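Comments concern the structure below.
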Amino acid sequence: VVKGWQEGPVIDESTLKDDLTRHFYYTLGRDKVGESQHYLYHALALTIRDRLVARCRETNQQIKQEKRRKTAYLSLEFLMGRALGNAVLNLDLDEQVSSALQEYCTTIETIEDAEHDAGLGNGGLGRLAACFLDSCASLALPVIGYGLRYEYGMFNQSIKDGNQIEQPDNWLREGHPWELSAPEHAKRVKFGGYVQSYTDKFGREHRQWMGSQDVLAVPYDVPVPGYKNNIVNTLRLWKSEATDEFNLTEFNAGSYSEAVAQKNLAEQITMVLYPNDSSENGKELRLRQQYFLSSASIQDVVDQWLSQHGESFSDFADFHAFQLNDTHPSIAVAELMRILIDDYELDWNDAWQITTKTMAYTNHTLLPEALEKWSVSLFSKLLPRILEIVYEINARFLAQVAQQWPGDVEKQRALSLIEEGDEPQIRMAYLAIVGSYSVNGVAALHTELLKAGLFKEFYALWPDKFNNKTNGVTPRRWLAHCNPVLSELIGEKIGHDWVKNFSKISDLRRFYDDKSFHEQWQNAKRENKQRLVDLVKARCDIDFDVSMMFDVQVKRIHEYKRQLLNILHVIHLYDRIRRGDTQGLVPRCVLLGGKAAPGYYMAKKIIKLINNVAEVINKDPQAAPYLRVAFLPNYNVTAMEVICPATDLSEQVSTAGKEASGTGNMKFMMNGALTIGTLDGANIEIRDAVGADNFFLFGAQAHEIDDIKSRYNPEHLISQNSDLKNVMQLLESGHFNLFEPCLFDDITNAIKSPHDPWLVAHDFESYVAAQKEVDKAYADRTYWTQMSILNTAASGLFSSDRTISQYSEDIWHLEPLNISETD
Ligand code: 26W
């Protein structure tokens, strides 16, 4: 330990102003603020990072010294968004920062805008991982996140002529002040080569992975501060680099170009995040990413174990849990086996005991196209030793299946980790289930559907493995930080303890009938709506109006999420306006946003349709008093921080049984939006919590879907429903594509198809009816305000603190660290 540091952090809290100045003048070498606030942002980030680093060291020391049991959260995605505002909130530095920035004649809000989002995730799954890290640190739980440091995160989306354009997200270009690299802890990850047998001096047979081309995994640590508890956990992101031998061997062979090419191959691994959510495409580079993360992270945990506990693994499982965020890192099951057996000479049964006592798997989707399978031939080329281990796991597992269902060969075929066929495939979800002691879904319905459908045989084999952990979101980012006006008001009424203890939010119910509180609540919403008005004006050049209802659907574009149903309703409202049928119509601003996977044809068509419909409606003066429509480009975490506080109506309209949970639904609810939704995912639990009277329900239920599909006749439904007929006529007459004939044929044909899996035409009628109820309710300001208050008050369940407490209680069995609170 460096002399003078034994006592821990020497950061004097009163010197934030001096530190800022020092970083600005000396670390960065600036003397003028200039036009761009970038350097000031950077200096402030470094100032705050100093305070995080000090606490991070103390947190890690405690974990080590007290030999704490800990969890490694393995995820290919962490959608962190911005870090500055979150750190200022969690370290309680608001006042100090504001006063320091006064010297530079600026505010924290202005400086925050200079930060680029860390967009290392696609959507729900990646943002969930980020909320979980915040909750783990805030609950003082020893959890370390492991992920990849992609050079390019989620692409930037712009809209040209109504179409999505993807541009690379070079988020590291201006530097990333929140990370610290630790090259001394780099790991080697093997790819390629072959497997050889050898016999040791005791006559025992071993398998050895030889001739591999190794890639270096260099860790970059990002601090994760807990809320006012002085805990700072770590998110460790791996960057791929070429090993030194690459250069040596290839240079010696005189093949300079080959050496450089090999180096590129190594560095490609963490170059870019795959922008698909919910359909896997079997790319070799993606498998490389998955193994790279799994191997580096497990080596890291094992190396720390060795240095603290020596070479015996007998109680390794008492000190570790690995949580697999979907199947993406599920190869970790085989990798832990490989390390224990090949590197530390454990026998199979001991290694399997350890593995199946430490691995836990979370499933995030039921969509068949999202279930990962990797071809055996790709595995054998890239990861030959891992393939052998998967085969052995499978052989032993199938013996168990044969015992449970004697003579049932079909069962064995159905449950095998290897799917037979022309191109045999490894079923990664099955590997994850067989190798884990816990398998969980992310909302009550989702978990039930897993047990009754996708994984039913596994459920029959191991009922105790299966459990539900309904998702949640962090109330720090998704209320305290993003909605300061409402947070202040809530604090005045019930105190500020809710930020830490979110079940307290239910105390708001007491103000349900308080007229002056209603007014304050409405004023807060209006102020937040103005912020969104400004954003929509700046990004879309469309005029929203705070006096209108804000109706919002933002999420990845996918057919099952049914942005199409939403836009059909918009067209219906437009049709009513044109017919002069405006009786009872509440003026609305409809906002949609979200990215389409670059290869997802229908999702891109839907974006184009939304934009064309918006253009026609927005330039029609007859519509202007009633209806405005915008598609917000480049929806991301930071945009949501402006959107959810401003929303009146939250659209959660997926086909029942398809949305595993949803988490946007929770962010809107916390901020006082009402939900219009189907009985899907966590919507069901949201409705139960707030009461059926305070939720706008519509649509087919999950258990009815099969029956409806078996006799589905959308053309008949269209002919019977004049609203839908009019909407289809507008679409098919080319009203929204005057100069682009046939543009939306694929969309209208999909709606009319008896095989439409999303049942858009079926749910249209009940959706429109529910929207009418929305109008009625909104027209009564007091009634709506009461429902809004009740939604926030009932959102206590949907804090990720609750979710993480349950993970810890039921799966991880962690003890909270000792904390020194600052509040
Ligand atoms: C292999 C391609 C791929 C990539 C990502 C397949 C599947 C995914 C994710 C599982 C998609 C995802 O983000 N799922 C969402 O997870 C959220 C957090 O649990 C849920 O709230 C959403 O309902 C679910 O769609």
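Please treat every number below as a calculation from the coordinates, not as lab data. Since we're looking at a predicted model, the values are computed, not measured. Counting neighbours? That spans all protein chains shown, and the Cβs are built from the backbone with ideal geometry, glycine included.
Kindly write out, for segment 792-805 in residue order, the coupling ³J(HN,Hα) from the Karplus curve 6.51 cos²θ - 1.76 cosθ + 1.60 (θ = phi - 60°), rounded to whole Hz, with x marking Gly and Pro.
Along segment 792-805, the couplings run 4, 5, 8, 8, x, 4, 9, 6, 5, 4, 5, 4, 5, 4 Hz.
Can you give the log10 of the normalised intensity I(q)/I(0) at q = 0.16, 0.20 Å⁻¹, computed with Debye over equal Cα scatterers of segment 716-823?
Debye intensities relative to I(0), on a log10 scale: -0.89, -1.06.
Take the Cα gyration tensor of segment 82-126, multiply each eigenvalue by 5, square-root it, and list the three semi-axes largest first, rounded to whole angstrom.
Values: eigenvalues 132, 32, 6 Å².
The equivalent ellipsoid of segment 82-126 has semi-axes of 26, 13, 5 Å.
Could you point to the residue in Ser654, Gln583, Tyr459 farthest towards the positive end of the chain's charge dipole, with +1 and -1 charges on the Cβ of Lys/Arg and Asp/Glu respectively?
Gln583
When only alpha-carbon atoms count, how far does segment 514-570 stretch along each of its three principal axes, as whole angstroms with the largest first?
The Cα atoms of segment 514-570 stretch 43, 28, 19 Å along the principal axes, largest first.
Just the Cα atoms of the chain: what Rg and Dmax do they give in Å?
According to the Cα coordinates of the chain, Rg and Dmax are 27.5, 92 Å.
Counting only the backbone N, which residues of segment 726-754 are under 15 Å from the spot 7 Å out from the Cα of Asp620 toward its beta-carbon?
726-738
Over its Cα atoms, what ratio of radius of gyration to 2.2 N^0.38 Å does segment 127-209 give?
1.87
Cross-link candidates for Lys465: which aspartates and glutamates have Cα within less than 17 Å, leaving aside residues fewer than 8 places away along the same chain?
Straight-line reach from Lys465, under 17 Å: Asp326, Glu448, Glu457, Glu809, Asp810.
Quote the charge dipole size of segment 94-248 about the Cα centre in Debye, to the nearest 20; the model charges only the Cβ of Lys and Arg (+1) and of Asp and Glu (-1).
1060
If all Cα-Cα distances of segment 160-280 are sorted into 5 Å bins from 0 onward, what percent lands in each bin, rounded to whole numbers?
All Cα pairs considered, the percentages come to 2, 8, 10, 13, 14, 14, 12, 10, 7, 5, 2, 1, 0, 0, 0.
In what sequence, highest mean first, do 709-721, 277-289 appear when ranked by Cβ atoms within 10 angstrom?
By packing density, highest mean first, the sequence is 277-289, 709-721.
Along its principal axes, what span do the Cα atoms of segment 634-682 show, with the longest given first and each in whole Å?
The Cα atoms of segment 634-682 stretch 29, 22, 14 Å along their principal axes.
State, as an integer percentage, the relative contact order of the chain based on alpha-carbon contacts under 8 Å between residues 6 or more apart.
Reported as a whole number, the value is 14 percent.
Which cross-chain or sequence-distant (5 or more) residues have an amide H under 5 Å from the amide H of Leu79, H modelled 1.01 Å from N in plane?
Here Arg127, Ala129, Ala130 satisfy the definition.
Using the Karplus equation 6.51 cos²θ - 1.76 cosθ + 1.60 (θ = phi - 60°), what ³J(HN,Hα) coupling, rounded to whole Hz, does each residue of segment 292-304 give in order, writing x for Gly and Pro?
Residue by residue, segment 292-304 yields 4, 4, 4, 5, 4, 5, 5, 4, 4, 5, 5, 4, 5 Hz.
Looking at Ile751, Thr782, Phe698, which one has the Cα that reaches farthest to the positive end of the dipole of segment 674-795 (charges on Cβ: Lys, Arg +1; Asp, Glu -1)?
So the residue furthest toward the plus end is Thr782.
What does DSSP give for the chain in terms of the percent of beta bridges that are antiparallel, rounded to the nearest 5?
Working: 37 of 82 bridges.
In the chain, approximately 45 percent of DSSP beta bridges are antiparallel ones.
Might you report the magnitude of the Cβ-based charge dipole of the chain about its Cα centre, with Lys and Arg at +1 and Asp and Glu at -1, to the nearest 20 debye? Numbers along the way, then the final one.
Numbers: 84 positive and 113 negative charges, 112 e Å.
Charge dipole of the chain: 540 debye, to the nearest 20.
Give me D for segment 367-416 in µm² s⁻¹, whole number, from Stokes-Einstein with Rh from the Kirkwood sum over alpha-carbon pairs, 20 °C and 1.002 mPa s.
My calculation gives 173 µm²/s for D.
Residues with amide H under 5 Å of Leu627's amide H, sequence separation 5 or more or different chain, H placed in the peptide plane at 1.01 Å from N; which?
Those lying under 5 Å, H to H, from Leu627 are Arg588.
What distance in nm lies between label points placed 7 Å from Cα along the C-beta direction at Glu103 and Tyr391?
Placing both labels 7 Å along Cα→Cβ, they lie 6.7 nm apart.
At q = 0.09, 0.10 Å⁻¹, what is the log10 ratio I(q)/I(0) for segment 470-603, with the Debye formula run over Cα points and no solvent?
-0.41, -0.50
Kindly state, as a whole number, the per residue volume in cubic angstrom of the convex hull around the alpha carbon atoms of segment 20-62.
That works out to 53 Å³ per residue.
Quote the convex hull volume per residue of segment 250-368, based on C-alpha atoms, as a whole number of Å³.
Details: hull volume 18.0 nm³, N = 119.
Output value, Cα hull per residue: 151 Å³.
Each residue of segment 237-244 in order: what ³J(HN,Hα) in whole Hz does its phi give by Karplus 6.51 cos²θ - 1.76 cosθ + 1.60, θ = phi - 60°, with x for Gly and Pro?
In residue order, the calculated couplings are 10, 9, 10, 8, 9, 6, 7, 5 Hz.
Of Lys283/Lys373; Lys451/Lys667; Lys283/Lys595; Lys555/Lys605; Lys500/Lys529; Lys604/Lys709, which pairs sit farther than 18 Å apart, going by alpha carbon to alpha carbon? List each step's numbers first, then the result.
Values: Lys283/Lys373 11 Å; Lys451/Lys667 28 Å; Lys283/Lys595 21 Å; Lys555/Lys605 16 Å; Lys500/Lys529 26 Å; Lys604/Lys709 26 Å.
Beyond 18 Å: Lys451/Lys667; Lys283/Lys595; Lys500/Lys529; Lys604/Lys709.
For Val224, what residues show an amide H to amide H distance below 5 Å, using hydrogens built from the backbone and excluding near sequence neighbours?
Amide H to amide H, under 5 Å and 5 or more residues apart or across chains, Val224 pairs with Asn233, Thr234, Leu235.
Measure out, as a whole number of angstrom, how far apart the alpha-carbon centroids of segment 466-517 and segment 591-664 sit.
26
Taking +1 at the Cβ of each Lys and Arg and -1 at the Cβ of each Asp and Glu, which of Met666, Gln622, Pro633 sits farthest along the dipole of segment 593-680 towards its positive end, judged by Cα position relative to the Cα centre?
Positive-end residue among those listed: Pro633.
What percent do you get for the relative contact order of segment 622-732 when only Cα pairs under 8 Å and 6+ apart count?
Result for segment 622-732 is 20 percent.
Relative to 2.2 N^0.38 Å, what does the C-alpha radius of gyration of segment 558-659 come to as a ratio? Two decimals please.
Taking the Cα Rg and dividing by 2.2 N^0.38 Å, one obtains 1.12.
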